[in-house]
1. Determine the calculated [θ] at 222 nm for the chain from helices alone, applying -39500 (n - 2.57) to every DSSP H run no shorter than 4 residues and normalising by the residue count; nearest 500 deg cm²/dmol.
2. Give the whole-number value, in cubic angstrom per residue, of the convex hull volume spanned by the C-alpha atoms of the chain.
3. Let's test the formula: R0 of 25 Å, r as the Cβ-Cβ distance of Asp39 and Ser61. What FRET efficiency results, to the nearest 0.05?
4. Set the bar at 23 Å for Cα to Cα. Now go through Lys108/Lys154; Lys63/Lys154; Lys6/Lys209; Lys122/Lys225 and name every pair that lies beyond it.
5. Can you compute the charge dipole magnitude of the range 8-150 about its Cα centre, using +1 on each Lys and Arg Cβ and -1 on each Asp and Glu Cβ, nothing else charged? Give it in debye, rounded to the nearest 20.
6. For the chain, with only Lys/Arg (+1) and Asp/Glu (-1) charged at the beta-carbon, what is the dipole magnitude about the Cα centre, in debye rounded to 20?
7. Report, in cubic angstrom per residue, the convex hull volume of the C-alpha atoms of the range 8-150.
8. Where in the range 234-248 does the label zone of Tyr203 land, with the point 7 angstrom along Cα→C-beta and an amide N cut-off under 15 Å?
Amino acid sequence: MPTPTKSFVLYTNKISSGSELTASEEAVGYEDDNLYDNDQELTWRSEDDTGEKTILWNAGSEKKVTAIGIANHNYSSSGTFTLKCGSTSDVTDNTWNLTMTDKIDPYKACFFSYLDGSEYTKQYWKFGATEDTSDDYHEAGVLYLGEYIELPRKPSAVGVRYSDDHKIEEIRHAGGQKTIYDLYSIRGYSMEWKALTLTEFNYFEAIWKANKKSVPFFFCLHPDKLEDSLYAITVEFVFEERDNNKFDLKWVVEEAL
C-alpha cells in the first residue's frame, strides 16, 4: 500500500467487541475488554513485564488492516513491538516491526502508524510487546485496528493548540472536605482548508458524521512525524459552502481525555 503523504486518520475500529480479543495475560480488574471501548482511562494491564505480552484479535472473518493505534500506553522506544497476521491463530503470514517513541510529558502516550508494504486481509491479527517497563507491567487503554483514511489535501493553515484542563479529586477528611485540582495540558491542531471540492469535503464530513464530538479517533498531521500523532476528538467542525459548490472548512481537534 502506498505510504501516506498527507494527514491521515483512523476513525473506525474494526475490533467490535471484547470477545474478539485474547490477551496472553491480564491483571485482575484490567481485562482486555477495556481495549476496544474508546475509553482510554479504562485500561488493560498485564500481570508483569516478563517476556513477550500479546493481544490476539480473532475478527471472525477476513478483515483488511492498514493501520494500528494504541492510546494511553506505558511503552517506550526501548521495547520491541510487532503486529502479525494470518489465516490461523499462528499468525504466520506477515510481520510488521513497530517503532514506539517515548512519551512526551505531560501528555498521554499515543502510538499511531500505517502498515507499510503489501496489504493483507486476514482473520487473525496479533500485537506483541516485549519491554521491561518502569511500572513492571504492560498497560494500554485503547487498541484500534482498521483502515486509515488519507485526507485529500494538506491544510492551507495549521495552528498548534495547547490548553490546560483539570480533574477534580475530592478527599474527605474528619474535619471536612478538601478539593484538589489536578492540572494538565492538552495538545491539538486548528486546521483550515479553502475551496474544497465536494468530493474532497466528503472525506471530512464522513469523519465528522461518524464521530461527532464524542467518539475519539487517531489523527496524524504529518506522516513523517508519527510521534506527534493524537488520540483525538473534534472540538470544532465549521464549514461554509460557496456559490461555486466549493467549501471552506475549519476543523479543530485536540487530545482526548
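1. -2000 deg cm²/dmol
2. Considering the Cα atoms of the chain, their hull volume per residue is 145 Å³.
3. 0.40
4. As for pairs spanning more than 23 Å Cα to Cα, those are Lys108/Lys154; Lys63/Lys154; Lys122/Lys225.
5. Magnitude of the dipole: close to 600 debye.
6. 1080
7. Given the Cα convex hull of the range 8-150, per-residue volume reads 106 Å³.
8. Answer for this model: 247-248.
FYI, it's all coordinate maths here, none of it is from the lab. Keep in mind it's a predicted model, so treat the numbers as computed, not measured. Positions of Cβ are generated from backbone atoms using ideal geometry, with glycine treated the same way; all protein chains shown enter the neighbour counts.
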